[in-house]
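Engineer: Attaching a single structure in structure tokens format; questions to follow.
The values are calculated or read from the model by the stated rules, or taken from the named source; none is laboratory data. Computed from a prediction, not measured in an experiment: that's the story for all the values here. Cβ atoms come from the backbone with ideal geometry, glycine included; neighbour counts cover every protein chain shown.
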Amino acid sequence: MTEITVADDGGDTMRCIQHNDHLFPVFNIQAITGLTSVKIREDDVLILGFPKSGNHWLWELTRQVLQGRVVEDDRVMNELLMESAPEEEYADLPSPRILASNAPLTKLSPEVIQKKPKIITVFRNPKDVTASFYSFALKLPFCKYTGKWENFVKPCVQGRFYHGSWMDHVLSWQKLRDTYPEWPILTVFYEDLKEDPMEQLRRLCSFLGVKRSEEFLKAVVNICSFDKMKDIKSHRAVFRKGEVGDWKNWFTVAQNEWFDQLYQEKMTDCQLQFRCTL
């Protein structure tokens with residue numbers, strides 16, 4: 001494991017941890033080095049997604065749905081983010097545990113593939129991911145990043161910062177589904193959650209094998225709204241705007257054209273369809 005700095009196109013740097021041929025945020029060293037040895041249970045539920053894709057929101061929705069009662073507290077996904085929390089902090093939790101990670105599946109414990117627990121993966125359109133990632137990096141003290149947007153966008157899309165390329169991440173998930181069609185994996189799109197959270201909660205309940213009333217699901221939608229979570233949670237940096245289409249406030253015409261060209265070149269065989277507006 002090595003702590004390194006990665007430069008953007010203007011020379012400003014971001015701190016990262018290089019481990020196992022992957023760049024991680026500067027989180028807990030013990031958690032990162034122990035990531036591949038985490039003991040997985042068959043009844044675990046894993047929330048896996050690229051950073052700034054709605055992972056915290058989906059984790060909270062899943063937690064509320066599984067416990068079957070609305071809880072208003074200060075818990076956040078980072079407590080069970082496997083590259084942030086050492087295994088000893090969640091090893092003895094009762095089942096089903098709702099674990100999470102932003103890392104590629106290949107960087108997690110081999111027991112994930114061996115035991116094939118239920119996985120919920122969330123995707124968000126890459127332009128909003130990039131804009132949100134930039135604002136997030138500026139706020140986080142461990143990044144120590146102060147660069148400008150115009151110098152950030154290309155290296156971010158190209159995968160030079162922590163957790164690499166969004167495009168590579170998406171293609172790896174498509175390959176996983178093709179390789180293991182029997183694996184219980186639920187794919188959720190951030191834009192669908194924004195547009196119709198009730199319908200996505202019904203899908204979530206069906207996937208998890210639980211029955212919940214419409215009244216309960218409405219209460220979950222309310223308690224898990226972005227405005228509500230910003231009020232409740234002390235770790236507010238993870239809840240920024242939660243909008244679809246905010247990328248339009250960031251991408252210039254030239255940057256947007258550059259991105260679209262790269263997307264067409266690299267994602268030709270991608271079967272997933274993404275919406276950048278609602």
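Engineer: Only residues that are surrounded by 18 or more Cβ atoms within 10 Å (Cβ to Cβ), among the polar types (S, T, N, Q) and at pLDDT below 95: list them for the range 151-174, please.
Structural biologist: Matches in the range 151-174: none.
Engineer: Mind counting the residues in the range 139-150 that are exposed (fewer than 15 other Cβ atoms within 10 Å of the Cβ) and part of a helix (DSSP H, G or I)? Give the steps one after another, and end with the answer.
Structural biologist: To start, the set of residues in the range 139-150 that are exposed (fewer than 15 other Cβ atoms within 10 Å of the Cβ) comprises 139, 141-142, 144, 146, 148, 150.
Checking the rest, the ones that are also part of a helix (DSSP H, G or I) come to 139, 150.
So the count comes out to 2.
Engineer: So, of the residues in the range 63-97 that are under 14 Å from the mean Cα position of the chain (by Cα) and either of a type in the set (S, T, Y) or part of a strand (DSSP E or B) (or both), which turns out to be nearest to W173 (Cα to Cα)? Write out each step before concluding.
Structural biologist: Of the range 63-97, the ones under 14 Å from the mean Cα position of the chain (by Cα) are 76-78, 80-84.
Subsequent filtering for residues that are either of a type in the set (S, T, Y) or part of a strand (DSSP E or B) (or both) retains 81, 84.
On the way: L81: 19, S84: 22 Å.
Only one residue tops the list, namely L81.
Engineer: Also, quick follow-up: Return a yes/no flag: does the range 234-244 have any residue that is among the hydrophobic types (A, V, I, L, M, F, W, C), at pLDDT below 95, assigned to a helix (DSSP H, G or I) and out of contact with any strand residue (DSSP E or B) (no Cβ under 6 Å at 6 or more places or on another chain).
Structural biologist: Scanning the range 234-244, I find at least one residue that is among the hydrophobic types (A, V, I, L, M, F, W, C), at pLDDT below 95, assigned to a helix (DSSP H, G or I) and out of contact with any strand residue (DSSP E or B) (no Cβ under 6 Å at 6 or more places or on another chain), so the answer is yes.
Engineer: Being surrounded by 16 or more Cβ atoms within 10 Å (Cβ to Cβ), at pLDDT below 95 and touching a helix residue (DSSP H, G or I) at 6+ places or on another chain (Cβ under 9 Å), is that true of even one residue in the range 201-218?
Structural biologist: Looking through the range 201-218, none of the residues is surrounded by 16 or more Cβ atoms within 10 Å (Cβ to Cβ), at pLDDT below 95 and touching a helix residue (DSSP H, G or I) at 6+ places or on another chain (Cβ under 9 Å).
Engineer: Take the range 18-37 and flag every residue that is of a type in the set (V, I, T) and either closer than 18 Å to V157 by Cβ or touching a residue at least 60 places away in the same chain (Cβ under 8 Å) (or both).
Structural biologist: Matches in the range 18-37: V26, T36.
Engineer: Consider only pairs whose beta carbons are under 6 Å apart and that are at least six residues apart or on different chains; among these, list those whose first residue lies in the range 250-268 and is outside any loop (DSSP other than H, G, I, E, B) and whose second residue is not hydroxyl-bearing (S, T, Y).
Structural biologist: Close Cβ pairs (under 6 Å, with a partner that is not hydroxyl-bearing (S, T, Y)) amount to Q255/V153; K266/M167.
Engineer: Here is a check on your reading of the model: is F50 in contact with a helix residue (DSSP H, G or I) (Cβ under 7 Å, 6 or more places away or on another chain) and within 18 Å of Y162 (Cβ to Cβ)?
Structural biologist: yes
Engineer: Taking the range 176-218 as the region of interest, how many residues are outside any helix (DSSP H, G or I), among the charged types (D, E, K, R) and more than 19 Å from Q271 (Cα to Cα)?
Structural biologist: 3
Engineer: I've got another one for you. Mind checking which strands (runs of 3 or more DSSP E) fall wholly inside the range 1-59 and carry at least 3 residues that are within 30 Å of R202 (Cα to Cα)?
Structural biologist: Filter on the range 1-59 gives 45-48.
Engineer: Okay, moving on. Among the residues of the range 98-113, which ones are in contact with a His (Cβ under 7 Å, 6 or more places away or on another chain) and part of a helix (DSSP H, G or I)?
Structural biologist: Across the range 98-113, the qualifying residue is only K107.
Engineer: If I go through the range 151-171 residue by residue, how many of them are β-branched (V, I, T) and not in a helix (DSSP H, G or I)?
Structural biologist: Number satisfying all stated conditions: 0.
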